[in-house]
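The values are calculated or read from the model by the stated rules, or taken from the named source; none is laboratory data. Owing to the predicted nature of the structure, the values given are computational and were not obtained by experimental measurement. A quick note on method: Cβ atoms are made from the backbone with ideal geometry, for glycine too, and the neighbour counts reach across all protein chains shown.
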Amino acid sequence: MNYIPSKFRNNAVKALLNVNLRKNLTRAISHTLSKRVEVVSELPDWENLRQKAHEIKKHTIENLAYYLDLFEERATKNGVKIFRAKDSIEAKNYVLQIARKINARLCVKSKSMVTEEIGLREFLEENGIETVETDLGEFIVQLAGEMPSHITAPAMHKSRDEIGKLFSEKLGVKFTNEPEKLTNIAREFLRHKFLNADLGISGANFLIAETGSIVIVENEGNAGLSTTIPKVHIAITGIEKVIPRLSDLTVFFKILGRSATAQRFTSYVSIINSPKKNKPDSPEEIYVILLDNGRTNLLKSERLKQALYCIKCGACMLTCPVYQRVGGHTYGSIYPGPIGSVLTPAQLGLRDALLLPFASSLCGKCFEICPVKIEIHHLLLQLRAQAVDLGFASWLEKLIFKLWFIVMRNYKLYTSASKFLRYLLKLGIKPKVKSWSKERIFPELAPKSFKEIWRNQKT
Amino acid sequence: MKSNIAKIKSKYNAGMELIEKFKFEFERVGGVFIKTSHKKVLDDISNIITIENVNQIFVEKFENEIDEVLKNLPVSQIITQPHSVEQLASVDASITGCDFLIAETGTIVFTHKENRFKSSLLLPRIHIVIADTKKFCPTFEEFFTKIDKNFDSIFMVTGPSRTADIEKVIVLGVHGPQKIYLLLIS
Ligand code: SF4
């Protein structure tokens with residue numbers, strides 16, 4: 001399948017007809033959402049927490065340049081090297097430069113959406129550096145040669161049988177479909193990689209300006225190992241990940257795990273301030289790459305800049321009626337679902353992702369679930385308006401809406417127009433809306449309009 | 001006089017509540033909580049060693065009498081000064097201290113410093129943590145006001161290593177320990 005945003009329609013049709021995919025998706029999504037309700041509802045002040053998180057993010061994004069400078073200053077003092085990358089090419093080249101300098105042959109990667117965004121793993125492999133995903137879900141997706149289908153549950157589109165088959169084919173082990181055994185196979189395989197890696201690459205969930213810290217949240221322990229064993233650690237992250245104070249974490253600790261994996265708290269949190277010093281097992285060098293790659297485009301719009309508050313929990317995807325049916329791959333972007341339909345146009349330019357803002361029912365469920373209260377549905381609406389300005393709408397659609405606009409504002413016109421339409425339908429002339437009626441039966445109109453019934457009853 | 005007793009009592013209760021809250025949360029995420037004493041700690045660890053079939057063990061340096069006690073563990077090899085990460089990966093269990101116990105989430109906080117191998121918290125299948133009651137802290141709010149912000153690095157552990165990446169089935173011990181014990185000396 002061709003996974004690019006402009007193929008959304010074709011991919012959606014194929015995904016909808018894929019019974020297995022829908023079964024896998026439904027299982028994973030309903031499980032997480034029902035557990036989430038449990039761990040969210042036990043907190044008496046959830047709304048308060050969302051509001052606080054929103055405000056911290058808002059404040060930081062409004063003062064982004066200041067906090068990035070502060071982070072850079074403090075982190076540099078700690079002995080961490082900072083590099084600001086304008087786009088993916090700059091970021092990749094910088095990583096390669098470090099890898100070459102230390103003569104790296106094997107790189108272990110922990111989960112990071114930003115590295116997916118810039119295609120880092122493929123780039124390093126093309127340059128002869130073996131690069132292994134160590135998060136179990138990412139490892140599965142890498143073995144399958146696929147893209148993650150969700151930002152926190154990358155392999156949720158796969159069943160245990162599919163994963164068992166994949167492992168026996170690619171790793172040469174005996175087939176099993178037991179999650180425990182499959183996990184163990186991955187542990188053994190990756191343990192060897194950890195111990196021999198010369199380079200560890202991670203993302204970051206938060207950067208703390210006041211202390212210059214890198215914060216990484218995870219469950220498996222792979223991020224802990226990737227950032228401890230190799231001699232050099234590179235953390236790559238978007239510029240929006242910075243927050244002012246260490247104590248701001250208290251809010252995010254409560255909301256992130258609950259939103260991402262329906263957990264009260266994740267198993268591991270690494271807060272990394274400095275390389276070596278007197279720690280016996282720690283990288284000798286730590287680099288942080290602050291990536292822009294279209295993020296400052298969002299800053300230009302009062303409304304769209306909200307998208308930078310995103311903490312990449314993935315909850316809006318799970319709750320989205322469109323995502324629930326078509327899955328992550330259909331969007332053709334690393335960031336799928338509601339927030340992905342805002343972030344992807346910012347990265348690729350709206351022209352290359354025109355369809356995405358329309359892949360939404362605008363029901364607002366994404367906003368309701370979002371732990372940092374991003375008004376995603378409003379952002380999508382704004383992007384739709386921009387898309388129309390770019391000529392996305394056909395002349396016919398524009399004409400229809402112009403007429404609708406005129407008719408709806410004039411009572412007499414409205415009454416006669418609706419009579420006229422009824423008359424047409426009676427004659428058996430049905431409007432041609434093929435993409436809508438291809439899979440559905442056009443509904444019969446009621447013989448009388450509501451207004452007529454109302455009037456008759458009154459008399 | 002009476003109010004003094006009440007005061008002491010309520011302070012004692014607060015302490016108990018903290019421990020109980022921690023225990024509840026820690027057990028809820030799959031940790032094993034054991035209350036012990038200086039006298040009993042060797043027996044308790046020996047028990048774990050038998051149950052978990054531990055042969056080789058890594059023991060972190062403790063700056064107190066625990067150091068002496070742990071020399072008598074019934075295992076075939078005790079490693080205190082690992083020469084490589086590979087060696088840490090080859091042991092069955094590790095015994096370490098910790099710096100804070102956060103009651104609201106059942107989290108054990110380790111500062112990464114001299115004599116502390118972060119990989120010893122992750123590589124072995126079994127992790128045994130020894131702590132005393134001075135380590136308790138009710139919430140992260142309090143924790144972040146308490147700590148010296150000039151730390152090198154911090155590692156927070158809440159239960160064993162886990163995943164739900166295959167059909168949402170929870171599996172423990174992905175890259176880190178499958179089991180974590182907390183021995184509270186009081
Ligand atoms: S937009 Fe909100 S709900 Fe969606 S991933 Fe970002 S933080 Fe989570």
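Brief remarks on what is shown
- Filter result (charged (D, E, K, R), in contact (Cβ under 8 Å) with a residue 12 or more places away in the chain and at the interface with chain A (Cβ under 10 Å from one of its Cβ atoms)) within the range B:134-186: B:152, B:162
- Wholly within the range B:116-186, strands (runs of 3 or more DSSP E) carrying at least 1 residues that are over 15 Å from residue A:218 (Cβ atoms) and among the aromatic types (Phe, Trp, Tyr): B:179-185
- The set of residues in the range A:317-336 being surrounded by fewer than 24 Cβ atoms within 10 Å (Cβ to Cβ) and either within 9 Å of the ligand (Cβ to nearest atom) or assigned to a helix (DSSP H, G or I) (or both) consists of A:319, A:321, A:322, A:324, A:325, A:329.
- Candidate set from the range B:91-124 (those that are within 20 Å of residue B:73 (Cβ to Cβ) and within 10 Å of chain A (Cβ to nearest Cβ)); member that is surrounded by the most Cβ atoms within 10 Å (Cβ to Cβ): B:123
- Residue count, the range B:25-47 (criterion: within 13 Å of residue B:70 (Cβ to Cβ) and assigned to a helix (DSSP H, G or I)): 6
- Search result, residues across the range A:93-113 that are surrounded by fewer than 22 Cβ atoms within 10 Å (Cβ to Cβ) and touching a residue at least 12 places away in the same chain (Cβ under 8 Å): A:94, A:96, A:98, A:102, A:103, A:105, A:106, A:113
- Scanning the range A:339-361 for residues that are assigned to a helix (DSSP H, G or I) and hydroxyl-bearing (Ser, Thr, Tyr) yields A:341, A:344.
- Members of the range B:97-126 that are in contact with a helix residue (DSSP H, G or I) (Cβ under 6 Å, 6 or more places away or on another chain) and not hydrophobic (A, V, I, L, M, F, W, C): B:105, B:106, B:112, B:119, B:120
- Some residue of the range A:160-167 being closer than 27 Å to residue B:178 by Cβ, touching an Asp or Glu at 6+ places or on another chain (Cβ under 9 Å) and hydrophobic (A, V, I, L, M, F, W, C): yes
- If you go through the range A:409-441 and keep only what is of a type outside the set (Phe, Trp, Tyr), part of a helix (DSSP H, G or I) and surrounded by 10 or more Cβ atoms within 10 Å (Cβ to Cβ), you end up with A:413, A:415, A:416, A:417, A:418, A:419, A:421, A:422, A:424, A:425, A:426, A:437.
- Which listed residue, of A:267, A:301, is crowded, with 20+ Cβ neighbours inside 10 Å and more than 13 Å from the ligand (Cβ to nearest atom): A:267
- When we screen B:131, B:93 for residues that are in contact with a Cys (Cβ under 7 Å, 6 or more places away or on another chain) and either of a type in the set (A, V, I, L, M, F, W, C) or modelled with pLDDT of 95 or more (or both), the only hit is B:131.
- Look at (1) of a type outside the set (Asp, Glu); (2) crowded, with 19+ Cβ neighbours inside 10 Å; (3) under 30 Å from residue A:289 (Cα atoms); (4) at pLDDT below 95 and you find that residue A:4 fails only one, number (2).
- Extreme residue, farthest from the other protein chains (Cβ to nearest Cβ), among residues of the range A:240-252 that are in a helix (DSSP H, G or I) and within 16 Å of the ligand (Cβ to nearest atom): A:240
- Against the test of being within 14 Å of chain B (Cβ to nearest Cβ), in contact with a helix residue (DSSP H, G or I) (Cβ under 9 Å, 6 or more places away or on another chain) and away from the ligand (no atom under 16 Å from the Cβ), the options A:165, A:109 yield a single qualifying residue, A:109.
- When residues of the range A:277-287 are limited to those that are touching a residue at least 60 places away in the same chain (Cβ under 8 Å) and surrounded by fewer than 24 Cβ atoms within 10 Å (Cβ to Cβ), the one farthest from the ligand (Cβ to nearest atom): A:277
- Screening the range A:337-349 for residues that are more than 10 Å from the ligand (Cβ to nearest atom) and of a type outside the set (A, V, I, L, M, F, W, C) and picking the one that is surrounded by the fewest Cβ atoms within 10 Å (Cβ to Cβ) gives A:349.
- Cβ-Cβ under 8 Å pairs, at least 6 apart or on other chains, the range A:136-156 side in contact (Cβ under 8 Å) with a residue 60 or more places away in the chain and away from the ligand (no atom under 16 Å from the Cβ), far side assigned to a loop (DSSP other than H, G, I, E, B) and of a type in the set (A, V, I, L, M): A:136/A:155; A:136/B:166; A:136/B:174; A:147/A:334
- The one condition in (1) surrounded by fewer than 18 Cβ atoms within 10 Å (Cβ to Cβ); (2) away from chain B (no Cβ under 11 Å); (3) at pLDDT 95 or above that residue A:196 fails to fulfil: (2)
- Across the range A:253-287, the number of residues qualifying as hydroxyl-bearing (Ser, Thr, Tyr) and assigned to a helix (DSSP H, G or I) comes to 2.
Okay, residues lined up against (1) surrounded by 24 or more Cβ atoms within 10 Å (Cβ to Cβ); (2) outside the structural domain of residue A:261 (by TED's automatic domain parsing); (3) aliphatic (A, V, I, L, M):
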residue: A:136; (1), (2), (3): yes, no, yes
residue: A:140; (1), (2), (3): yes, no, yes
residue: A:161; (1), (2), (3): no, no, no
residue: A:165; (1), (2), (3): no, no, no
residue: A:176; (1), (2), (3): no, no, no
residue: A:184; (1), (2), (3): no, no, no
residue: A:189; (1), (2), (3): no, no, no
residue: A:205; (1), (2), (3): yes, no, no
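- Within the range A:362-397, the set of residues being in a loop (DSSP other than H, G, I, E, B) and either buried (at least 24 other Cβ atoms within 10 Å of the Cβ) or within 16 Å of the ligand (Cβ to nearest atom) (or both) comprises A:362, A:363, A:364, A:370, A:371, A:372, A:373, A:374, A:375.
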